[in-house]
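Step one of this worksheet: look at the structure below.
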Amino acid sequence: MPVFDAGEIASIRSRFPILSRTVHGKPLVYLDNAATSQMPESVIQAVSEFDRTRHANVHRGVHKLSQEATDVHEGSRDRLAKFLNARRREEIVLTKGATESINLVAHAWGRRNLRSGDVVLVSELEHHANIVPWQIVGSENGSIVVPIPALDDGSLDQDAFQKLLDGAKGPVKLLAVQHVSNALGTIHPVKEMVAAARSRGIATLVDGAQSVPHMPVDVQDLDCDFLAFSGHKMHGPTGTGVLYGRYEVLERLPPWMGGGDMIDKVSFSGTTFHEVPWRFEAGTPNFTGAAGFAAALDFLEEIGMDRIHAREAELVAFAHRELSGIPGLRILGTHPDKAGVVSFVMEGIHHYDAGMFLDQMGIAVRTGHHCAQPAMERYGVTGTIRASFAIFTTESEIEALAAGVRRVQKVLGG
Amino acid sequence: MSVIQEREDEIVEEFSMFDEWLDKYQHIIEMGQKLTGIDEAFRTDDYKVKGCQSQVWLQPGIENGVVVFKADSDAAITKGLVALMVRVLSGAPAKEIADAPLEFLERIGLREHLSPTRSNGLVSMVKQMKLYAAAYASQEAHHG
Ligand SMILES: Cc1ncc(COP(=O)(O)O)c(C=O)c1O
């Protein structure tokens with residue numbers, strides 16, 4: 001039994017205006033959702049309605065517009081808290097995306113808690129956004145970033161993980177690990193990994209940039225200290241994102257950026273800070289984006305995260321079947337637990353050439369290292385071709401990809 | 001008319017035969033395949049031009065008083081575009097290279113490959129070519 005019938009998918013597609021455009025004269029086949037997904041009409045409307053009727057700074061004005069804007073902005077925090085099943089709304093810090101969220105933890109938490117020789121445990125598959133901030137902090141305080149090795153099938157080596165947790169490379173202070181690999185699509189057993197870390201008193205951060213948009217994620221169930229993700233990867237506007245933080249942890253953290261909105265009282269003899277989460281939200285926030293982000297959550301919940309996950313699993317399986325029949329094509333990441341990503345290389349054909357040709361056929365894929373150079377190195381490639389799906393992706397689009405790939409081979413003679 | 005201008009016009013003429021994108025790209029790829037490439041000794045990081053998706057190597061030199069370039073890339077399309085650049089610039093008077101506006105890519109509908117955000121390394125290669133030529137031109141002016 002398919003998760004959705006064709007009529008339902010068609011009706012979902014009709015809600016995304018961008019899907020009706022053409023590219024180089026051909027219908028758009030958008031398979032780059034892991035980089036940025038598309039916005040349904042309801043999100044575009046929510047943003048534009050906000051801009052037309054309530055555009056005003058939040059938290060600062062007694063006037064009507066400012067109050068309405070604040071309601072919308074803070075309302076998105078409530079929506080997010082509910083979406084993630086957070087214990088309280090104060091656990092939701094609104095950021096401009098996963099990158100800012102991770103940097104916030106690196107600077108506010110890392111600078112305070114990491115010492116020379118301490119280990120920040122990441123994975124070999126990490127996005128640069130979950131490597132570089134730790135290296136920056138490490139260059140100041142001498143903490144080191146150690147990767148959990150990945151296995152050939154795109155999963156993480158759990159035995160090696162246990163040894164590292166037990167101090168093989170030094171005392172681990174933080175496990176900062178992705179939930180889903182953006183380069184390969186593997187879903188890692190983060191709940192178990194977080195539990196193993198927590199039982200040793202190790203703090204935990206989950207990079208949920210590729211999981212929160214594609215499956216149910218419950219922070220109480222996951223039990224991590226921090227969770228980071230971006231709105232633009234889940235049908236919301238860009239410039240929106242979340243850092244979830246366990247209240248007891250957030251409460252003890254100093255601010256990272258200073259400015260308006262994050263203070264209690266400012267004077268030249270000393271400044272006191274606002275409470276959590278506003279302490280971490282210096283400056284005018286992206287309130288317009290927040291309006292759209294809330295609408296994106298409505299869209300996702302209306303369909304249901306369980307069903308989205310099931311549908312995308314179906315699409316991944318279909319793509320594996322379609323692509324694995326092509327001679328000279330090799331899929332990277334063959335572990336059965338995968339979210340909507342299929343990454344592959346083609347013998348004798350550079351990913352850049354393939355991407356250029358697919359683009360000419362109207363097919364948008366991502367090529368290159370996907371901001372995960374260590375992962376590419378692990379699999380001995382300089383880059384891959386990555387197709388990533390969303391709830392509006394269809395089997396026929398995947399067939400178009402497979403046909404496109406065959407055509408690329410014919411032209412480039414791979 | 002300048003040497004570079006003449007060569008550009010020739011290329012534009014050549015590309016005007018193609019209506020289909022595929023034919024155009026096939027022609028570019030063929031030009032890449034005919035490119036002699038660089039001497040192995042130059043295939044090092046020192047001669048690698050920064051690009052994030054495809055890599056480009058550039059080997060500049062002086063032969064009989066003119067600036068000559070050899071180049072290579074690991075991606076077929078990029079290599080073809082590299083060949084196109086070498087064909088237009090190599091052996092032209094140094095000052096002309098340094099000042100060349102290189103509008104022909106626009107005229108053959110390939111301007112997007114030279115946009116600064118393209119990660120193919122082509123923009124950096126052209127920049128390197130021009131810098132090299134400019135340095136040589138100023139040296140020439142100095143000595144002669
Ligand atoms: C796994 C992962 N982490 C972090 C990020 C960074 O997200 P953003 O660029 O939205 O901050 C991405 C985006 O590509 C990602 O895929």
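Data for the structure
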read-out: Shielding by other protein chains, B:75-86, mean Cβ within 10 Å; value: 3
read-out: Gap separating the Cα centres of region B:1-77 and region A:337-380, nearest whole Å; value: 24
read-out: Listed residues A:Cys371, A:Cys224 arranged by accessible area, highest first, probe 1.4 Å; value: A:Cys371, A:Cys224
read-out: Chain A - charge dipole about Cα centre, Lys and Arg +1 at Cβ, Asp and Glu -1, debye rounded to 20; value: 640
read-out: Of A:Ser139, A:Ser123, A:Ser48, the one that fluctuates the most in a GNM where chain A has Cα springs shorter than 10 Å; value: A:Ser139
read-out: Inter-part distance where region A:23-55 and region A:225-281 are each reduced to a Cα centre, Å; value: 27
read-out: Net charge of neighbours whose Cβ lies under 13 Å from the Cβ of A:Ile303, counting Lys and Arg as +1 and Asp and Glu as -1; value: -2
read-out: For chain B: lysine pairs under 24 Å (alpha-carbon distance), excluding those fewer than 8 apart on one chain; value: 26
read-out: Residue of A:Gly404, A:Gly348, A:Gly270 that the Gaussian network model of chain A assigns the largest fluctuation, springs spanning Cα pairs under 10 Å; value: A:Gly270
read-out: Size of region A:2-86 as Cα extents on the principal axes (Å, biggest first); value: 50, 34, 25
read-out: Separation of the A:Arg321 and A:Glu377 label points, Cα + 7 Å toward Cβ, nm; value: 3.9
read-out: Accessible surface, 1.4 Å probe, highest first, among residues A:Lys173, A:Lys265; value: A:Lys265, A:Lys173
read-out: In Å², nearest 10: area of A:Asp71 left accessible to a 1.4 Å probe; value: 110
read-out: Where labels lie 7 Å past Cα in the beta-carbon direction, separation of A:Val146 and B:Val66 in nm; value: 6.1
read-out: Size descriptor, Kirkwood hydrodynamic radius, that averages inverse alpha-carbon separations across the protein assembly as shown, Å; value: 26.0
read-out: Over region B:3-143, relative contact order from alpha-carbon pairs under 8 Å, at least 6 apart, %; value: 27
read-out: Ellipsoid semi-axes in whole angstrom, largest first, where each is sqrt(5λ) of the Cα gyration tensor of region A:298-360; value: 28, 15, 9
read-out: Gaussian network model of chain A, Cα within-10 Å springs - most flexible of A:Gly245, A:Gly185, A:Gly258; value: A:Gly258
read-out: Alpha carbon Rg of region A:326-409, scaled by the compact-globule rule 2.2 N^0.38 Å; value: 1.05
read-out: Label-reachable residues, region A:281-319, where backbone N falls under 13 Å from a point 7 Å from A:Ser42's Cα toward its Cβ; value: A:292-305
read-out: Heavy atoms of A:Glu302 accessible to a 1.4 Å probe, total area in Å² rounded to 10; value: 120
read-out: Surrounding net charge for B:Arg87, when Lys and Arg each add one and Asp and Glu each subtract one, Cβ distance under 13 Å; value: -2
read-out: Sites A:Arg200 and A:Tyr247 - FRET efficiency at Förster radius 22 Å, r taken between beta-carbons, to 0.05; value: 0.50
read-out: Binned Cα-Cα distances of region A:46-301, short to long, each 5 Å bin given as a whole percent; value: 1, 6, 13, 17, 19, 16, 12, 8, 5, 2, 1, 0
read-out: Residue-count net charge about A:Ser181 - beta-carbon cut-off 13 Å; Lys, Arg +1, Asp, Glu -1; value: -2
read-out: Long-range lysine pairs (8 or more apart or interchain), chain A, Cα under 29 Å; value: 23
read-out: Contact order normalised by residue count of region A:95-166, Cα under 8 Å, 6+ apart, percent; value: 30
read-out: Kirkwood estimate for region B:3-143, i.e. one over the average of 1/r between Cα atoms, Å; value: 15.3
read-out: Distance histogram in 5 Å bins (all Cα pairs of region A:147-257, percent per bin); value: 2, 11, 20, 22, 20, 15, 7, 2, 0
read-out: Average beta carbon contacts from partner chains per residue of A:365-376, 10 Å cutoff; value: 1
read-out: For A:Lys233, solvent-accessible area (1.4 Å; no DNA, RNA or ligand), Å²; value: 30
read-out: Exposure rank, largest accessible area first [A:Arg200, B:Arg111; 1.4 Å]; value: B:Arg111, A:Arg200
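The values are calculated or read from the model by the stated rules, or taken from the named source; none is laboratory data. Everything quoted here is computed from the prediction, not taken from an experiment. Virtual Cβ from ideal backbone geometry, glycine too; neighbours counted across all protein chains shown. Ligands, DNA and RNA are stripped out before the accessible areas are found, and what is left, the full protein with its side chains, is counted by its heavy atoms. Shrake-Rupley method; radii C 1.70, N 1.55, O 1.52, S 1.80 Å.
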